[in-house]
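Note sheet for the following structure.
The values are calculated or read from the model by the stated rules, or taken from the named source; none is laboratory data. What you are looking at is a predicted structure, and each value in this text was computed from that prediction instead of being measured. Neighbour counts run over all protein chains shown; Cβ positions are idealised from the backbone, glycine included.
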Amino acid sequence: MALLSSRGDWYIYFWLIYCKIYLAIVGVFSNHCRGTDKVHSVITAGVSVVQSPGGLHRVRTRRRRPLQQHRSKLVALARRPSLRRIVMAPGASAVHAMMEDKEKTLHRPLASVSMHTRRISQFAPLLIALVGLPARGKSQVAHRLSRHLNWNGESTKVFDCSEYRRRHLALYGRHDIFRADNQQGSAVRRQSAREAVQDAMLWLKEGNSVAIFDGTNITRDQRRELNEYCLSEMGFRILFIECVCEDQELLERNIIEILHYSADYKDMSEEEAVDDLRKKMEHYMRQYEPIDAELEDISFVRVENMGETVTAHKVAGQKEAGILGYMSGMRVMPQTLYFTRHGESEYNVVGRIGGDASLSARGQLYAQALAEHVNALAGRAPLCVWTSELQRTKQTAAGIRAPKRPLRALNELDAGICEGLTYEEMQERFPQEFAWRDQDKLRYRYPWGESYIDIMTRLRPVLSALEDEHGVVVVGHQAVLRCMLGYFLDAKLDELPYMTVPLHTIVKLTSCGYKYRVEMIKMPVDCVDTHRKQPMNCSITRSASDALVTVPSHYDTLPSNLWQNTEAQL
């Protein structure tokens, strides 16, 4: 029994030693694992439960506190730039760099973000701002450019700062309003410029393409504010065009046009107007700061002597490139141009369209009358004649003693499958096509033929050349002359197909500043009327009588005795 008792004591002794060693090993292992192994957490929790009911909570608390402290140290170290590479895990540097850059961007000023990180699309609306002293041709450039852009499908409008000033000052007083030290006058001019720019921005917001701000913009502060406002706040593109004129002859001509056509001088005598304009220019010269590429971060084009020299700086974008090309070929000079249709043709007499018919008897009489009139003009100034390649225009210009140039671009609209038909035959054979043409005559294209838009496209080089010509007589056709006259008169595109261009009439255009004066010279030779108004009913299901209600009369529809009397007179 004593032996058994001693052996039991030894067993108990070894069992206690084993438990202590086991607990020590488990404790050391758990400290190294930091609770990362789920199995070890369960074992430790079981042992703790044996020791004390609250042991589980205390063990977890002891494990979490060092982990939180360790994480806080990691965050603190990560915020120190010098230790970022040591603390961050592999592959995390790019993510942290992006987060840091984003945080910096969010705290950056709004204007700085717009100017440096925002890229404006080249298809965004464009504001063109004129720069320069009075009488340097800014208004002529603005309106010629507007005419060119509108013709090419860019809806454009000119906003003249002087017009806004006249709204505040109904009666122009004296040049003193333009003095730099005249606070009241300066306030009026600033307000006028602000209103013009606001209306220009509204025009662009409405979906239009280009707005032209016709003002002086002579100081760098004015240009900087306008540039930042347009780019940063509105998100529009902006291009400055500076007009410089050192040619004294050209400058004197510009001054004369201002004195004749400006509303400021319509109630002044010539001497008073000249003196006032001279002093006004002196006031502006004292304030003028020419554009300097080294001092101003803007896109601009400098035009010297109305197109003699053109300089570009930071010009980018589709619209800007087209404008630069147009400005490079622009020459502004007084113009007198003559336009006339061919004489009455055999097709005109019977109401047929297109074709290559010869002149009628009355058309030959008009050719003689035209030759007499133009030859008298050629005796005073040299003239040249542009015709189409069709025989009726060549026959009309045959008697004119001047150089002649036939141009394919001046040919009449190609009616495709309807060439040589009367309107009555078109309605009978192609009633649907006839109705579609009445619905949109500008864009309607004859099957295998052309539309007015096609004519406008092929006329672009002709019009660009004609803008710089003087003393040209254009002998053309009804649709072609409608487009050409519509260009110089800045007519709306939808109005072109219904402009009145009668036979046996000379249309004289004379430049008056940036506008043209129209004079109609009717020759004393009778002819048919080929003008057709748009009918009220353009439905495809309309009757033939409704479709033909506006068709002009011709030989087959007029009383026979009328033509007999006319032939007797011939």
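Note on segment 336-444: no enclosed strands (runs of 3 or more DSSP E) hold 1 or more residues that are farther than 28 Å from P461 by Cα and not small (G, A, S).
Scanning segment 405-425 for residues that are without any contact (Cβ under 8 Å) to a residue 60 or more places away in the chain and either polar (S, T, N, Q) or on the phi < 0 side of the Ramachandran plot (or both) returns R405, P406, L407, R408, A409, I417, E425.
Taking every residue in segment 301-321 that is assigned to a helix (DSSP H, G or I) and pairing it with any residue that is at pLDDT 90 or above and crowded, with 18+ Cβ neighbours inside 10 Å, at least 6 positions away or on another chain, the pairs with Cβ-Cβ distances below 6 Å are K319/L126; E320/L239. Scanning segment 420-459 for residues that are under 14 Å from C538 (Cβ atoms), of a type in the set (A, V, I, L, M, F, W, C) and either outside the structural domain of H477 (by TED's automatic domain parsing) or within 32 Å of the chain's Cα centre (by Cα) (or both) gives W436, L442.
The set of residues in segment 291-300 being assigned to a loop (DSSP other than H, G, I, E, B) and either surrounded by 14 or more Cβ atoms within 10 Å (Cβ to Cβ) or of a type in the set (V, I, T) (or both) consists of I291, E296, I298, S299.
In summary, L463 fulfils each of the numbered conditions (1) over 24 Å from V141 (Cβ atoms); (2) within 26 Å of the chain's Cα centre (by Cα) with the single exception of condition (1). Taking segment 194-219, which residues are part of a helix (DSSP H, G or I), under 16 Å from I241 (Cβ atoms) and over 13 Å from the mean Cα position of the chain (by Cα)? Across segment 194-219, the qualifying residues are A196, V197. Scan segment 526-546 and tell me whether some residue there is within 27 Å of the chain's Cα centre (by Cα) and not assigned by TED's automatic domain parsing to the domain that holds E154. Among the residues of segment 526-546, not one is within 27 Å of the chain's Cα centre (by Cα) and not assigned by TED's automatic domain parsing to the domain that holds E154, which makes the answer no.
Restricting segment 523-570 to residues that are in a loop (DSSP other than H, G, I, E, B), at pLDDT 85 or above and of a type in the set (D, E) leaves a set whose member that is farthest from Q368 (Cα to Cα) is D529.
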